[in-house]
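The structure under discussion appears below in the form of structure tokens.
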Amino acid sequence: MAKDAAPDSASLEIDGLCVATARGRALLDVPGLSVASGTLLGVRGPSGAGKSTFLHAVSGLLDSARGRVIWGGEDILALSTERRAAFRADKVGMVFQDFMLFDEMSPMANATISGLFRRGPGLSEAAGDLLSRLRVRTEARSVASYSGGEKQRIAVARALAARPGIVLADEPTASLDRVAADRLIEDLVSMVRSSGATLIAVSHDEHLLSALDRVITLEDGGITRDEEVPS
Amino acid sequence: MRDLWDGLPVLAQDILVSCALVAPLLALGAVLVRRYRPWPLVGALMWRYRWANLLFVLLIAISVGMGIGLISQERGLRDGMARAADKFDLVVAAPGSELTLMLAAVFLQPSDVPLLDGELYNEIAAHERVKIAAPIAFGDSYGDAPVVGTIAEFVTHLTDGALEGRMWRTSSEAIAGAAVPLGIGDRFTPAHGMGHSAEDGAHDGVEMEVVGRMPRTGTPWDRSILIPVEAVWEVHGLANGHAPERGDQIGPPFDARYFPGTPAIIVRSEELWASYALRSEFTRDNETMAFFPGTVLANLYRVMGDVRQTMSVMAVVTQILVGASVLLGLFILSRLFQRQLGMLRAIGAPRRFVMSVVWLYGVALLAAGTAFGMLIGLGAARIISGIVTERTDVLVQAGLGWSEAHLALAFLVVTGFLSLLPALVVLRQGISESLRS
């Protein structure tokens, strides 16, 4: 498959990233981490290790995060809340464990939901193309009756429709059966690779992690292992 | 500026007040929604929680409907009473309660009052500025219909000349009101008294024939039976207002010596200003009083105005309470879709966009409830109007007017602004917490 243009692909530099509760208990402590642009990075670890906190911190969702999270030269933790939201809207696509779709809306309306609050050319065309490549039925008026696999593929289309340079996925296969999960892994990985975007996927799913380039292991809020995945 | 406002037509003033009321809400909406398209998400949330939403809309609608229905009903009653009194320019009676006399003479709620003599009647009837001087004699009935004695000119005045059949020619002929179940040619015997105390056999041997029917006037006179005043006197064994040699005469002039008395005289003058002069002239200490039923009604309205204000305040308080409970419901519902809102913020939706979704959701419920409430209010007012009309024969036509529209808009605007609170509370939640909720 020909590589698409990736206007917003980005490298990640983390420097002294700390997240703590209001009472001071450390949830995440990452002194440093570098991720090259276009890398597919997996994050594994036991429950409560800080995986989702890590994902939320690198996407600028946590106001309590301290340190520096530099995407393509821009420290998003230094930005205001609204500027961080604009950064995510422009450069980040997100996939969630339980899809987070609006069941009452059509596949296309879900995939182009960011068009409700940001203007960008070609969103509908890109979403339509992605839904087609992901083999999602688009004629339905709502996605309520869709299977979990179909819903997650719509969520992937939503994440990629604005052609982001960064894709963040939080347990994207956890709500799917094995067949649907494998199909999603294949689609997600191939599409992200073809777009040239950087992917950070938090997962327990070894099938997914083994399809990525690099995997870090988080335990008690810290990175304990960082390994390349053999191709 | 004041002159400019006063110079505007009432309709234009009402429209401008409505615009002024709703403008802040529209401005707020425009600021929140500018450059965004939150409608599909609002529609999705509406559909997702449709039963809860329906409940909220009904709650709001009933609250708004109650308020609007009460106010509309009060205005309809006021208009109906004013319409009923419209044909009664000036009432002359013995000194006493103007309200009692008005209820008796205009609304046919008879009570015992002193009688005016024939000399006074003739003085009034002969006055150069008096067009009609109609004695009103009541106290008899047929079924639920009061039987009222008067003169033919007054019947013509009441009906604007639009009489079905013909006017009476003898003292045994009658004109039936539009709501009386008697047709032309029907005969009846009046009972003495009214209601439960009516004595059916008191006027045995007296038989009246209906020779004409009045068109509907929307007044208590619709259920009355009008007969020559001479007939009322005769069936009670009194002189009939004329000397024996003129005993068959029907209508004025009356002979004061044979005039048994009348509780009230309805006076119509040639000109409005003349009515004021007549009122002064026939308001005499210990002898007569003259009053405009419209003025008595105005005094009554002043009292009712306080009631109206009280009712309005009660309606607003009820609506505020319902609005508060709706807001509480919005808080709860916003918790239910907190994760979706968290997702929106996670994928980069600005705070203003998320706020616009929650706010529009609340305002849509409030607007739907308000609109539905207007319909409920209209329906309730019409049902109550029908009941009041049936019981009083005062035609009450309650409808939605600008004052109801203003009340509804004020409710919508106040609660619309308050709907910002759930939206602000949603935004206080951290995105990460929302996603994990």
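The values are calculated or read from the model by the stated rules, or taken from the named source; none is laboratory data. Everything quoted here is computed from the prediction, not taken from an experiment. Cβ atoms come from the backbone with ideal geometry, glycine included; neighbour counts cover every protein chain shown. These area figures cover heavy atoms from the full protein model, side chains too; ligands, DNA and RNA do not enter into them. Shrake-Rupley method; radii C 1.70, N 1.55, O 1.52, S 1.80 Å.
At 222 nm, what helix-only mean residue ellipticity would chain B give, in deg cm²/dmol to the nearest 500, using -39500 (n - 2.57) for each DSSP H run of four or more?
Calculated from helices alone, the mean residue ellipticity at 222 nm is -18500 deg cm²/dmol.
In the full protein assembly as shown, how much of B:Tyr301 is accessible to a 1.4 Å probe, in Å² to the nearest 10?
Its heavy atoms expose roughly 40 Å² to the probe.
With bins 20 Å wide starting at 0, give me the P(r) of the protein assembly as shown over every alpha carbon pair, in whole percents.
Values per bin, smallest distances first: 16, 30, 18, 15, 15, 6, 0.
Take chain A, connect every pair of alpha-carbon atoms lying under 10 Å apart with a spring to form a Gaussian network, then pick out the residue of A:Val143, A:Val69, A:Val179 with the largest mean-square fluctuation.
A:Val179
Mind ordering B:31-38, A:100-107, B:4-11 by average Cβ neighbours within 10 Å, highest first?
A:100-107, B:31-38, B:4-11
Chains B and A: how much accessible area gets covered up at their contact, both sides added, probe 1.4 Å, in Å² to the nearest hundred?
2400 Å²
Taking each residue of A:160-169 in turn, how many C-beta atoms of other protein chains fall within 10 Å of its C-beta, and what is the average?
Mean number of neighbouring Cβ atoms from other chains: 1.
Per residue of B:31-41, how many C-beta atoms from partner chains lie within 10 Å of its own C-beta, taken as a mean?
3
Rounding to the nearest 20 debye, state how big the charge dipole of the range B:268-314 is about its Cα centre with +1 on each Lys and Arg Cβ and -1 on each Asp and Glu Cβ.
Dipole size: approximately 240 debye.
So, with a 1.4 angstrom probe, what is the percent of accessible area on the range B:90-291 that is carbon and sulfur?
Answer for the range B:90-291 is 47 percent, counting heavy atoms of protein chains only.
Report the antiparallel proportion of the DSSP beta bridges in the protein assembly as shown as a percent, rounded to a multiple of 5.
The antiparallel proportion sits near 65 percent.
Which three lengths, in whole Å and largest first, does the range B:30-91 cover when its Cα atoms are put on their principal axes?
66, 29, 12
Would you check the accessible area of A:Lys51, probe 1.4 Å, heavy atoms only, in square angstrom rounded to 10?
Roughly 20 Å² of A:Lys51 is accessible to a 1.4 Å probe.
Leaving ligands and nucleic acids out of the surface, order A:Asp75, A:Asp129, B:Asp112, B:Asp285 by accessible area at 1.4 Å, largest first.
Most to least solvent-accessible, the answer reads B:Asp112, B:Asp285, A:Asp129, A:Asp75.
Hey, any idea what % of the range A:12-226's accessible area is carbon plus sulfur with a 1.4 Å probe?
Accessible surface attributable to carbon and sulfur in the range A:12-226 totals 48 percent.
Any chance you could check the range A:102-121 for residues losing 10 Å² or more of accessible area when the partner protein chains are in, compared with the chain on its own (1.4 Å probe)?
A:Phe102, A:Glu104, A:Met105, A:Ile113, A:Gly115, A:Leu116, A:Phe117, A:Arg119
Kindly give the semi-axes, whole Å and largest first, of the ellipsoid equivalent to the range A:78-225, taking each as the square root of 5 times a Cα gyration tensor eigenvalue.
24, 20, 14
What does DSSP give for the range A:12-226 in terms of the percent of beta bridges that are antiparallel, rounded to the nearest 5?
If I count the DSSP bridges inside the range A:12-226, around 55 percent turn out antiparallel.
Enter the accessible area of B:Met374 (Å², nearest 10), with the probe set to 1.4 Å and all protein chains included.
40 Å²
Report the one residue of A:Ala78, A:Ser11, A:His56 whose Cα lies farthest in the direction of the positive end of the charge dipole of chain A (charges on C-beta: Lys and Arg +1, Asp and Glu -1; origin at the Cα centre).
The listed residue farthest towards the positive side: A:Ala78.
Counting each pair of different Cα atoms once, what's the Kirkwood radius of the range B:139-276 in Å, rounded to one decimal?
So the Kirkwood estimate lands at 15.5 Å.
Hey, what does the equivalent ellipsoid look like for chain B, semi-axes from the Cα gyration tensor as sqrt of 5 times each eigenvalue, largest first, whole Å?
Three semi-axes, in Å: 64, 22, 16.
If each Cα of the range B:267-378 is one equal point scatterer, what is log10 of I(q)/I(0) from the Debye formula at q = 0.12, 0.14 Å⁻¹?
Summing over Cα pairs of the range B:267-378 leads to -0.69, -0.80.
List every DSSP H helix in chain B whose Cα atoms extend 18 Å or more along the helix's own long axis and whose mean Kyte-Doolittle hydropathy is at least -1.0.
Qualifying helices, which must be both long enough and hydrophobic enough, are B:10-33, B:50-84, B:293-336, B:351-392, B:402-418.
Using only alpha carbon pairs under 8 Å that are at least six residues apart, calculate the relative contact order of chain A and give it in whole percent.
Once normalised by length, the contact order is 31 percent.
Running a GNM on chain A with Cα contacts under 10 Å, which residue among A:Leu79, A:Leu188, A:Leu212 ends up with the highest mean-square fluctuation?
Comparing A:Leu79, A:Leu188, A:Leu212 in a Gaussian network model of chain A, the most mobile one is A:Leu79.
Where the centre of each part is set by its Cα atoms, how far does the range B:62-121 sit from the range A:133-162, in angstrom?
Cα centres, the range B:62-121 to the range A:133-162: 72 Å.
Tell me the per residue accessible area of the protein assembly as shown using a 1.4 Å probe; a whole number in Å² is fine.
That works out to 44 Å² for each residue.
Quick one: order B:Glu433, B:Glu281, B:Glu173 from most to least accessible surface, probe 1.4 Å.
Largest accessible area first, the list is B:Glu433, B:Glu281, B:Glu173.
Most mobile of B:Val317, B:Val229, B:Val363 per a Gaussian network model of chain B (Cα springs, under 10 Å)?
B:Val317
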